[in-house]
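S.K.: First the structure, which I've put down as structure tokens, then a few questions once you've had a look.
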Amino acid sequence: MNTEMLAEMTRPTTEKALKKATRFQGNMMPVGEWIIATRWAWNFEREAMGYQAFCYRYTTAERGETASIRLAISSTEDHEDFTSQAEAGAWAMGMILAD
């Protein structure tokens, strides 16, 4: 995975910034105090495309575009990528439920 692309997903500190980071090749979905984001990118061997999953957590009770968030869990930590957006989202949901 391109280091610059990964940095784009670890940088967002607001919901609005995360929406911008996922605008072309990804998706995001608020779930309670979490936001699940998935993104289509090169896998770590750079031989195929795959989806990565990212779980952000709200840092305050505020919600909306200006709400403060932080990256809490990422499939990229284990160099894991998925063949579909649904699979990446399911992994993220499982990680949230396990937390």
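S.K.: Can you confirm whether Arg57 is within 10 Å of the chain's Cα centre (by Cα), closer than 17 Å to Lys16 by Cα and among the basic types (Lys, Arg)?
M.R.: no
S.K.: Which one is modelled with the highest pLDDT among residues in region 39-61 that are buried (at least 18 other Cβ atoms within 10 Å of the Cβ), small (Gly, Ala, Ser) and over 12 Å from Thr83 (Cβ atoms)?
M.R.: For region 39-61, the residue satisfying everything is Ala53.
S.K.: Select from region 13-44 the residues that are touching a helix residue (DSSP H, G or I) at 6+ places or on another chain (Cβ under 7 Å) and of a type in the set (Gly, Ala, Ser) and list them in ascending order.
M.R.: Hits for region 13-44 are Ala21, Ala37, Ala41.
S.K.: If you check Arg39 against the conditions, is it farther than 16 Å from Met9 by Cα and among the basic types (Lys, Arg)?
M.R.: In short, no.
S.K.: So Ile73 clears everything in (1) in contact (Cβ under 8 Å) with a residue 24 or more places away in the chain; (2) more than 21 Å from Lys20 (Cα to Cα); (3) not small (Gly, Ala, Ser) except one condition, right? Which one?
M.R.: Only one criterion in (1) in contact (Cβ under 8 Å) with a residue 24 or more places away in the chain; (2) more than 21 Å from Lys20 (Cα to Cα); (3) not small (Gly, Ala, Ser) is unmet by Ile73, namely (2).
The values are calculated or read from the model by the stated rules, or taken from the named source; none is laboratory data. This is a predicted model, so every value here is computed, not measured. Neighbour counts are summed over all protein chains in view; Cβ atoms, including those assigned to glycine, are modelled from backbone coordinates with ideal geometry.
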